[in-house]
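First up is the structure itself, then whatever we jot down about it.
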Amino acid sequence: ILAVAELLNQPGLEASQEAAGLLEDFDKRFVGCPDLRGSALWQRIVSLRQLKRLQEARIVLDQYLTTDPDRAGLTIVGLLKAVYDEMQSALRRDDKITALSLATQAISLGESLLDWTRSHPGKIAPANLVVAQMWYVAALLQADRFAEALALVERVQRGEDASSVGVGARIELQLARADALLGLNRAAEALPIYTELWPQVAEASDAWWHAL
């Protein structure tokens, strides 16, 4: 069953609905196979994530964290990315209510990710961890939690992992820092950051309009 679910979850097959159904009530049907529970939960998270049933995926993730905690980090990152993408889609539609709801989910996932990394240091590639924290920062900004966003940006920028990402990511971090400062009514500190970054990015790019 797990092999079939994994196959159904392959990108391009568009069969995640079948995979999710196949794995439903796995615990009840396979009581004598506790060693397979972690793999079953992981495949169910993948299927629910691809179906954009993100709140359900989060519930399953909590079970996965207790069943197979050592391998849960990348699963948290994947779900955080899916929620972040949906939040961005909602913002492009100007659906601020949905965006805020998704931001709340992303914040919860961001908190879980940082908790996990404290007990599993070095298990996620530095660049991937920085990018995941940027998604977390974006959610904090969307929820108007500017002080927390600023603290997280500055912690990332001070950390050794910051050197693992490219120029584009470092610019995004600086823009997030400026957004947080502006949200805290510290415009005198935010505006010079926008002014400094604007000439450094490609004209008419998202970052260019952001800094303008």
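Which of (1) of a type outside the set (A, V, I, L, M, F, W, C); (2) under 15 Å from the mean Cα position of the chain (by Cα); (3) under 22 Å from L173 (Cα atoms); (4) at pLDDT below 95 does G122 not meet, given it meets every other one?
Condition (2) is where G122 drops out.
Looking only at residues in the stretch 33-85 that are of a type in the set (G, A, S) and closer than 23 Å to G12 by Cα, which one is surrounded by the fewest Cβ atoms within 10 Å (Cβ to Cβ)?
Step one: list which residues in the stretch 33-85 are of a type in the set (G, A, S), which gives 38-40, 47, 57, 72-73, 78, 82.
Still in the running and closer than 23 Å to G12 by Cα: 39-40, 47, 57, 78, 82.
Working: S39: 20, A40: 22, S47: 27, A57: 26, G78: 18, A82: 22.
Across the stretch 33-85, the extreme among qualifying residues is G78.
Exactly one condition in (1) touching an Asp or Glu at 6+ places or on another chain (Cβ under 7 Å); (2) open to solvent by 60 Å² or more (accessible area, probe 1.4 Å); (3) part of a helix (DSSP H, G or I) is false for N128; which is it?
That leaves (1) as the condition not met.
Within the stretch 64-71, can one find any residue that is in contact with a Lys or Arg (Cβ under 9 Å, 6 or more places away or on another chain), assigned to a helix (DSSP H, G or I), aromatic (F, W, Y) and closer than 28 Å to R170 by Cβ?
Looking through the stretch 64-71, none of the residues is in contact with a Lys or Arg (Cβ under 9 Å, 6 or more places away or on another chain), assigned to a helix (DSSP H, G or I), aromatic (F, W, Y) and closer than 28 Å to R170 by Cβ.
Only one residue in A151, A188 is assigned to a helix (DSSP H, G or I), free of Cβ contacts under 8 Å to residues at least 60 places away in the same chain and under 28 Å from L61 (Cβ atoms), so which one is that?
Numbers: A188 fails: under 28 Å from L61 (Cβ atoms).
That would be A151, the only listed residue that is assigned to a helix (DSSP H, G or I), free of Cβ contacts under 8 Å to residues at least 60 places away in the same chain and under 28 Å from L61 (Cβ atoms).
Among the listed residues A149, A180, which satisfies the condition of being under 18 Å from the mean Cα position of the chain (by Cα), open to solvent by less than 60 Å² (accessible area, probe 1.4 Å), more than 18 Å from R118 (Cα to Cα) and not basic (K, R)? Write out each step before concluding.
Numbers: A180 fails: under 18 Å from the mean Cα position of the chain (by Cα).
After ruling out the rest, the residue left standing is A149.
Does any residue of the stretch 136-145 turn out to be in contact with a helix residue (DSSP H, G or I) (Cβ under 9 Å, 6 or more places away or on another chain) and exposed (fewer than 15 other Cβ atoms within 10 Å of the Cβ)?
Looking only at the stretch 136-145, we keep the residues that are in contact with a helix residue (DSSP H, G or I) (Cβ under 9 Å, 6 or more places away or on another chain), and these are 136-145.
Pick out the ones that are also exposed (fewer than 15 other Cβ atoms within 10 Å of the Cβ) and you get 144.
Yes, the stretch 136-145 contains a residue that is in contact with a helix residue (DSSP H, G or I) (Cβ under 9 Å, 6 or more places away or on another chain) and exposed (fewer than 15 other Cβ atoms within 10 Å of the Cβ).
The values are calculated or read from the model by the stated rules, or taken from the named source; none is laboratory data. Because the structure is predicted, anything quoted here is derived from the model rather than measured. Because the Cβ atoms are built from the backbone with ideal geometry, glycine has one as well, and the counts that use them run over all protein chains shown. Only protein heavy atoms, including side chains, enter the accessible area calculation; ligands, DNA and RNA are left aside. Shrake-Rupley method; radii C 1.70, N 1.55, O 1.52, S 1.80 Å.
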